[in-house]
Every structure is written in structure tokens, then in C-alpha cells.
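Written below as C-alpha cells is the structure these notes are about.
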Amino acid sequence: MQNSLWLKDVEIPTFSTLSNSLDCDVCIVGGGLSGIYTAYLLAKKGMKVVLLEAKPAFAIGTTGHSTGKLTPQHGVVYSKLLKYFSAEDVFTYYEANRNAIESALQVASEDSFERVDSYLYATTIPGKQTIEKELYAYNELNIPGVETTETELPFDVTSALKMEDTAQIHPTKFATHFLKLAIDNEAAVYTNSRVTKVEIDEKFVLTDNDSKVTFKKLVLCTHYPIESIKGLITTKLSIDRSYLLASETTELLKGQYLSVEESSRTIRTASIGGTPYFIYGGKSHIAGEVEDTQSYYESLKEEMVETFNLPEPPFLWSAQDPNTPDLVPYIGQISEDTPDLYIATGYRKWGLSNSLVAGEILSSLITHESHKATHLYSPTRDQFGKNFLRGLSTIGFVTANLAEGYLTRMEAPKCTHLGCKTRWNDGDETWDCPCHGSRFDKDGNVIEGPAVYPLKLKK
Ligand code: FES
């Protein structure tokens, strides 16, 4: 059922499968925007880079199933970040995202982005109070933002918070352009090359056909790490699934919108081949927790058609987003014991701008340059204790499902990551694992990790 608007009529280049052994300075695993942008920045600095993607093409996974919003307005985030970090660090989060976006837009292809304003909006009194709190944080931190009740939406809002001059992109076009620039700078890139083994001490990875890449540094940009090597990364993340739909429309909006109420809705438009499309999404839940995902699509569809007077959406897709306990992604050295192993994950729903931040931080760390946000994003930051309760709920979910899965879902195949029972997802026709978010197609092939081996399905 997955049918993303961003995969319509785009020329996604294909590459060969790695079939020989290679040596490199930096091996990057994962060909979404994070892996691509990191490869581009490192190759531009003269590093010998190998980029490996398990799927048949680059940027068709998480990147190709995103909303395409490229903004430092990451929902209601700044008031929440102030609970975990100093004002200086929270401003660094804003600044790192704002600067990374601006640097990338200087080089991006013109047909892959447009400048728009980002809005948070509320339709209730509690929502208005949430916006007031967020505006207060903006003012405290000197983040530019304007409160308004004027929007282009066909209903009244109780309040909206506008961040001016942000961007929205066509994510596959945007990423493919940076892939081309990485290749122009002599990065070696391979598709259909799934990494099945990581040897940190001996510094090599093996792909599923036993091809070997020997590296000095290894970067895991797989959205979710393929191994929980050290630092318990897998237990620090919980995974959300949300849904997106697109229909043809008559006019393009000047802004992109996100509601602040509990079950938030995302809204933007895009022109694809000259045709305007309206994109609507939301209804998130913990990945793998819900069996009947078709009903999520159906109720969103009804809401979209009625509220915005649009035809039935021919494009429906869903996205999975890992969350960290303190809302800031893990980008950097995975642990002090493994100085040559880097990771980028836990972007919440803000993977596009955080991918660009990841490229900047990782390329700076690897080339021994400084980046102001390194300590903030570090996977080794000591915030886990402080967020113990929230972390516990994530761990509790995983362990509960490991136990419960055997008792209640005997028919479902076992996930090849750590053995949880998967769940059949009717809407997308996939087997989804509730533990760490692996997804498999109906024939058992891996769509999303951390699992790397296919399911063993009973005939
Ligand atoms: Fe970890 Fe399935 S994703 S057990």
C-alpha cells in the first residue's frame, strides 16, 4: 500500500551491488539523506568514502517517506528542551538546524526546494496555551517567531506561531542532488549492499554477499542502528509511526503547518511536475503496536477530503521515527570505547534538518574540526539518568513485548533482530516488529532495520 508522492516520476539513479573488497577512510552504512549528506561533506574534504545502501536505490526509505519539511521549527520543542538542557544548549539546537539548512540550500538544486514560513497552530484553548509557552521559550532564547491568528487554513485557529523563511523540499530530488555531488567528489556508492556484519576491532564490514569493506572510521546512518554494540543505544529509542496522504489540489499554500494538539496534523502543499498537491498527515502511534493500520489511513482520508474539500488521495504512505528520551538525536561517537564508530539516529519527526546537522557534526568529528553542537548531540551525553522514567517506559515496552509476543502471537514470524514476535500490518502489507521497529515485506524481506536478515515465513 506504501505509495509516496516523493517517489512519483522521479529519476532515482541505480548503482551496482558491491561485489569486491574495498579499503576506505570512512564507510557509511545507510543511503538516506544523513548518509548521503555525510558522504558528500567528507568526500569534499578529500576523504575516501564508501556509501552502502541495502535497498535497490538511495533515498527511497525514510527520506522518500517524509513530509519534506526543512525547518528548525520542530513542533513544540523549544519549551520542552528547556526541561532537559541549558538555554545556551537549546539555542545551539536551533542554531545548528538553522545553519545546516542554510548551508545546504546554498548548494541544493533549485527545483528541489522552496522557501515557505512554518506555522504551529492550535484550534483549542489548551492548544493556544501550548503555543503561548512555546512563544515564551522563543522569546527567552531569541528565536524569531510571531504569534498570529491569520493563516491560510479553511478553519479558525485559536493561535498560531509563525517562523519565517524556512523551507520545504522534494526530499528524493534534494537527496539525489547531494548524492551526485558526493559522486563528483569521488565517493564510491553501492545499492543492494546490505551490511550483515560489523567487526569493530578489526575494522571491516561484510555485506550479504560477503564483500568486505575495510575502514578507518565507520558511520551508521541506518535510521536505527543495525547493532546495539555498546552504549545500549537500542534501548534508548522508541519508534513512532505516522501516516501521510496526498491529493491533487487547486492552489499552493505559502506556509507549512503543524497542529499542536495531542494527535497532531501536518499540512503542506507541493508542486510535482506542475501539478499542485495537498499533503496531509498525522495519527501517530508506537510502531508495531497497532494491527489495523488501514483504519488510520481511512480516518485521515475522510478528515482530509471533508475538511479541505479535496478528491480521494491516490498517495498514501507512512513514516517511522525513532525518539530519544531527551528529544535530541544521537549524532557522534557511539561510545568512548569505540572511537572509530559513529552513529546518527533518533531524529523524532525532524529527520531532514537533523540529517544535515548529522552530516556537519560527523564530518567535523572525523576530520578533527570543531562543531558547536557536538556535545549536545553526543550519544555519550549523560542525560539518561535524568530521564530515567521516560527511558524506563521505552525499555519496559520492549521487554514486555518480548515476553508477551510469544504468548499471544504464535502465528506471527519472529523478528530476526532480537526475536520479538512481529505483527501483520494490514494497511501497508508488512510484518512490523514492536520492539525496535524493524519492518519486513509480505515475503519477509527487510524493509527497515535494525534487523538485517529476512523473516522465516512458514509456507
Ligand atoms: Fe529488535 Fe525486532 S526490531 S527484535
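The values are calculated or read from the model by the stated rules, or taken from the named source; none is laboratory data. Bear in mind the structure is a predicted one, so any value in this text is a computation, not a measurement. Cβ coordinates were reconstructed from backbone atoms using ideal geometry, including for glycine residues, and neighbour counts include every protein chain displayed. Ligands, DNA and RNA are excluded from the accessible area calculation, which covers all protein heavy atoms including side chains. Shrake-Rupley method; radii C 1.70, N 1.55, O 1.52, S 1.80 Å.
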Restricting to helices (runs of 4 or more DSSP H) lying wholly in segment 65-174: which have 3 or more residues that are β-branched (Val, Ile, Thr)?
87-107, 125-141
Residue, surrounded by the fewest Cβ atoms within 10 Å (Cβ to Cβ), within segment 195-211, restricted to residues that are at pLDDT 85 or above and in a strand (DSSP E or B):
Leu206
So Gly46 passes all but one of these: (1) closer than 13 Å to Lys217 by Cα; (2) free of Cβ contacts under 8 Å to residues at least 12 places away in the same chain. Which condition number does it fail?
(1)
Answer with yes or no whether Pro311 is in contact with a strand residue (DSSP E or B) (Cβ under 6 Å, 6 or more places away or on another chain), outside any strand (DSSP E or B) and either at pLDDT below 80 or open to solvent by 20 Å² or more (accessible area, probe 1.4 Å) (or both).
yes
Filter segment 442-459 down to residues that are over 19 Å from Gly31 (Cα atoms) and not charged (D, E, K, R) and give me whichever is nearest to the ligand (Cβ to nearest atom).
Leu455
Which residues, taken from segment 414-441, are among the small types (Gly, Ala, Ser) and within 7 Å of the ligand (Cβ to nearest atom)?
Gly419, Gly437, Ser438
Could you tell me which residue of segment 111-133 is nearest to Ala87 (Cα to Cα), considering only residues that are crowded, with 19+ Cβ neighbours inside 10 Å and out of contact with any strand residue (DSSP E or B) (no Cβ under 6 Å at 6 or more places or on another chain)?
Thr130
All but one of (1) among the hydroxyl-bearing types (Ser, Thr, Tyr); (2) under 22 Å from the mean Cα position of the chain (by Cα); (3) open to solvent by 50 Å² or more (accessible area, probe 1.4 Å) hold for Ser86, so report the exception by its number.
(2)
When every residue in segment 184-194 that is over 20 Å from Val446 (Cα atoms) and in a loop (DSSP other than H, G, I, E, B) is compared, the one most open to solvent (accessible area, probe 1.4 Å) is Glu186
